[in-house]
Amino acid sequence: MPKIPITDEIAIDESELSESFILAAGPGGQNVNKVASAVQLRFDAAHSLSLPEPVRARLMRIAGHRLSKSGEVILTGRRYRSQEQNRDDARARLIALLQQAATPPRPRRKTRPPLASKKQRREEKTARGHLKRLRGKPREE
């Protein structure tokens, strides 16, 4: 079976994808009512042997509403009139989703605010407090 490259290290087998063609919705006249041009692409992410565990976990987190309860990523391609273009579009979106899951998030580095911003904040607080003091009743001297 041919493999679909995702990254240099990860490739998924074509046998892990299942496609079904369905009637598309929207404009298109008679064509849209007669021809099953939309594609529903399914990839079983939960049971895929091609994905490493961290990539699988990230994919299942970022898939969102496209993930079924059984762990399948379901993408529907109905952007084009032709079945072949819709098929290519759905595959391209799946590959993009897998590539996004394959890149690990950068760890956050703790940073401290610079001294200049701390000093500016203190000065603004002092000025604001002074302004509020001027709003009070005048003192009797």
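Read the figures in this text as sums done on the coordinates, not as results from a lab. Everything numeric in this text was worked out from a predicted model, so none of it was measured. Backbone-built Cβ (ideal geometry, glycine too); neighbour counts: all protein chains shown.
Please find the FRET efficiency linking Ser68 to Ser15, where r is the Cβ-Cβ separation and R0 is fixed at 22 Å, and quote it to the nearest 0.05. Spell out each step's value before the answer.
On the way: r = 19 Å, r/R0 = 0.87.
It comes to 0.70.
How high is the relative contact order of region 9-98? Use alpha-carbon pairs under 8 Å, at least six apart in sequence, and give a whole percent.
29
Given the chain, what whole percent of its Cα pairs are spread farther than 27 Å?
49
Treat each spin label as a single point 7 Å out from the Cα along the C-beta direction, and report the Leu131 to Gln99 distance in nm.
So the label points at Leu131 and Gln99 sit 5.0 nm apart.
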